[in-house]
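Notes follow the structure.
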Amino acid sequence: MTSGNPDYRDSGLRFPEGFLFGSATASYQIEGAAAEDGRLPSIWDTFCRTPGKVRGGDNGDVADDHYHRFDQDLDLLKDLGLDTYRFSIAWPRVQPTGSGEANQAGLDFYSRLVDGMLERGITPIATLYHWDLPQPLEDEGGWPARHTAERFAEYAAIVGRHLGDRIGTWTTLNEPWCSAFLGYGAGVHAPGRTDPLAALRAAHHLNLAHGLGVQALRSVVPRDAQYSVTLNFAVLRGDGPDGADAARQIDAVANRIFTGPMLTGGYPADLLADTASVTDWSFVQDGDLVDIAQPLDVLGVNYYNTALVSLWDGVGEKQMADNHGEAVASPYPGADRVQFLPQPGPYTAMGWNIAPDGLEQLLLSLREQFPDQPLMITENGAAFDDVLEDGRVADADRIDYLRRHFTAAHRAMRQGVDLRGYQVWSLLDNFEWAYGYSKRFGIVHVDYETLERTPKDSALWYSQLATSHMIPE
Ligand code: GCO
């Protein structure tokens, strides 16, 4: 045990020199300009237009209009004194049909964006895929189809060739679990399919895309860059006599399905056994596992909350108090007996339990599993029902959330975790996927009528942390 405040509400803790304080966004959630300069629809444009899929029928057509206001947004980052900006590149802007010719206007936008960061002394962390698959690739089979991984490598090479001289850290995929299992299993994310086999095939082809993508980047990027992937880990607590087995099953199909091939060279035996009734995994071809296991300079970790699981006894009603909206189908193929139990609060506006100890647990467990792997928190943050009053958002609840999670990260570092930085989700209020604009995750408030930006109190608090490296009062 480390000493320190048991409720994780510390101040005065100091982060090392070189620790990268930043903030994160994603293309479809902020850019808008959905049909401009040659961009064609992604699966999210299509999903938003499918009745009943996105709350309020919201879509990313305008979003935060970041496409036209990026200079102002980069000024915000600079004014806050942040070191890094984690952003994502929209595949349908750069290669609108998902194959063939690049779209110069799309590349030019990201070139201006990256130059704008460098001029302001902000280090770019670029994610190649944050869920906006070009619709034509979905029409040809999407992630369950192997050729999507091959197309991704071509796209990675295009971006690498154009921006490789200016980007220090490349992230291939953001949260492939969501792409595979919310997109093709539970159907609550685009493209909205509910097919367990398709979800497992998607997971493998996302793994393959990651491996081929890193190789493609390495072959064209002219100087030493860092390579990474961002995973969202299920942080599990077991309940009751079978709780440990329930946790093992979800750990396999949510976490080790990615870390296995990416970091240890193979799929875990228990995952293959658990999913045997769905597939024999014959879509894994010779050589795939070697392609996937590319050394990573940093592993990106997204963390929001924990899950409490047990095995359903087959009597009574199975509980599914998970955090994936109104899923009609399970996002966990092969784990049909696992139930998700309600957890103690407090909760964010997403209904997610606030559990900073889960972040400490996760970081320690990653160090134990992958002792030499440097880590970076690539997302952590919270939605609350913010109120803008007299030009100010007094979001004390978000400050408290951030304080407790930075404290947790610091505790893990004191226990030897090699944590290189922390990217707060999110810089701006934005399009929160199936929740539309109803959930505000930003440290900067966005008025969706006027598109005016107002830094919340949490942004000012975070700015003090980033510039002093010490958790403020
Ligand atoms: C994620 C997503 C973000 C979400 C955030 C809150 O990677 O899950 O990157 O796009 O907005 O996690 O749900």
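The values are calculated or read from the model by the stated rules, or taken from the named source; none is laboratory data. This one's a predicted model, so the numbers in the text were calculated from it and none came from an experiment. Positions of Cβ are backbone-derived with ideal geometry, glycine not excepted, and every protein chain shown enters the neighbour counts.
Can you tell me which residue is farthest from the ligand (Cβ to nearest atom) among those in the range 21-33 that are out of contact with any helix residue (DSSP H, G or I) (no Cβ under 6 Å at 6 or more places or on another chain) and in a helix (DSSP H, G or I)? I'd like the intermediate steps shown before the answer.
If we filter the range 21-33 for residues that are out of contact with any helix residue (DSSP H, G or I) (no Cβ under 6 Å at 6 or more places or on another chain), which is where we start, we get 22-27, 29.
Pick out the ones that are also in a helix (DSSP H, G or I) and you get 27, 29.
Working: S27: 10, Q29: 6 Å.
Only one residue tops the list, namely S27.
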Note to self: Looking at (1) free of Cβ contacts under 8 Å to residues at least 24 places away in the same chain; (2) away from the ligand (no atom under 16 Å from the Cβ), which one does D457 not meet, given that it meets all the others?
What the structure shows: (1)
Check: Just one of V301, V290 is outside any loop (DSSP other than H, G, I, E, B) and within 16 Å of the ligand (Cβ to nearest atom); which is it?
Finding: V301
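What number of residues within the range 344-374 satisfy the criterion of being outside any loop (DSSP other than H, G, I, E, B) and either among the hydroxyl-bearing types (S, T, Y) or within 16 Å of the ligand (Cβ to nearest atom) (or both)? Break it down into steps so the answer makes sense when it comes.
Within the range 344-374, the first condition is being outside any loop (DSSP other than H, G, I, E, B), and the residues that meet it are 347, 353, 356-369.
Going one step further and asking which of them are either among the hydroxyl-bearing types (S, T, Y) or within 16 Å of the ligand (Cβ to nearest atom) (or both), we end up with 347, 353, 358-359, 362, 365.
Count: 6.
Which residues, taken from the range 186-201, are within 16 Å of the ligand (Cβ to nearest atom) and not in a loop (DSSP other than H, G, I, E, B)?
A186 - this is the single residue of the range 186-201 that is within 16 Å of the ligand (Cβ to nearest atom) and not in a loop (DSSP other than H, G, I, E, B).
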Next item on the list: Scan the range 428-442 and report the pairs whose first residue is without any contact (Cβ under 8 Å) to a residue 60 or more places away in the chain and whose second residue is assigned to a loop (DSSP other than H, G, I, E, B) and within 8 Å of the ligand (Cβ to nearest atom), with Cβ atoms within less than 6 Å and a gap of 6+ or a chain change.
Entry: G442/S426
Next item on the list: Output the residue which, of all residues in the range 375-390 that are more than 22 Å from Y435 (Cβ to Cβ) and crowded, with 16+ Cβ neighbours inside 10 Å, is farthest from the ligand (Cβ to nearest atom).
Entry: L375
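Yes or no, residue by residue, for (1) buried (at least 21 other Cβ atoms within 10 Å of the Cβ); (2) assigned to a helix (DSSP H, G or I); (3) more than 14 Å from the ligand (Cβ to nearest atom); (4) among the basic types (K, R):
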residue	(1), (2), (3), (4)
A145	no, no, yes, no
Y155	yes, yes, yes, no
V159	yes, yes, yes, no
D165	no, no, yes, no
W170	yes, no, yes, no
A180	yes, yes, no, no
Check: What's the number of the condition L341 fails, among (1) more than 14 Å from the ligand (Cβ to nearest atom); (2) among the aliphatic types (A, V, I, L, M); (3) in contact with a helix residue (DSSP H, G or I) (Cβ under 8 Å, 6 or more places away or on another chain)?
Finding: (3)
Notebook entry, point to check: S282 passes all but one of (1) modelled with pLDDT of 95 or more; (2) of a type outside the set (F, W, Y); (3) more than 22 Å from A198 (Cβ to Cβ); which number fails?
Noted result: (3)
Next item on the list: Take L427 and decide whether it is crowded, with 20+ Cβ neighbours inside 10 Å, within 23 Å of the chain's Cα centre (by Cα) and more than 16 Å from the ligand (Cβ to nearest atom).
Entry: no
Note to self: Name the residue that is farthest from Y401 (Cα to Cα), counting only residues in the range 304-343 that are aromatic (F, W, Y) and in a loop (DSSP other than H, G, I, E, B).
What the structure shows: W312
Notebook entry, point to check: Which residues, counting only those in the range 47-98, are out of contact with any helix residue (DSSP H, G or I) (no Cβ under 7 Å at 6 or more places or on another chain), more than 19 Å from T169 (Cβ to Cβ) and outside any helix (DSSP H, G or I)?
Noted result: R49, T50, P51, G52, D61, V62, D65, P96
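Based on this model, can you work out whether A396 counts as more than 16 Å from the ligand (Cβ to nearest atom) and more than 24 Å from L20 (Cβ to Cβ)? Steps first, please.
Numbers: more than 16 Å from the ligand (Cβ to nearest atom): yes; more than 24 Å from L20 (Cβ to Cβ): yes.
Judged against the criteria, A396 is a match.
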Note to self: Suppose we keep only residues that are more than 14 Å from A293 (Cβ to Cβ) and in contact (Cβ under 8 Å) with a residue 24 or more places away in the chain within the range 258-274. Which one would you say is surrounded by the fewest Cβ atoms within 10 Å (Cβ to Cβ)?
What the structure shows: D274
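Residue check: is Q294 of a type outside the set (K, R) and at pLDDT below 95?
no
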Notebook entry, point to check: Mind checking whether some residue in the range 10-20 is modelled with pLDDT of 95 or more, closer than 30 Å to F406 by Cα, of a type in the set (A, V, I, L, M) and not in a loop (DSSP other than H, G, I, E, B)?
Noted result: yes
Check: How many of the residues making up the range 235-251 are crowded, with 19+ Cβ neighbours inside 10 Å, touching a residue at least 24 places away in the same chain (Cβ under 8 Å) and in a helix (DSSP H, G or I)?
Finding: 4
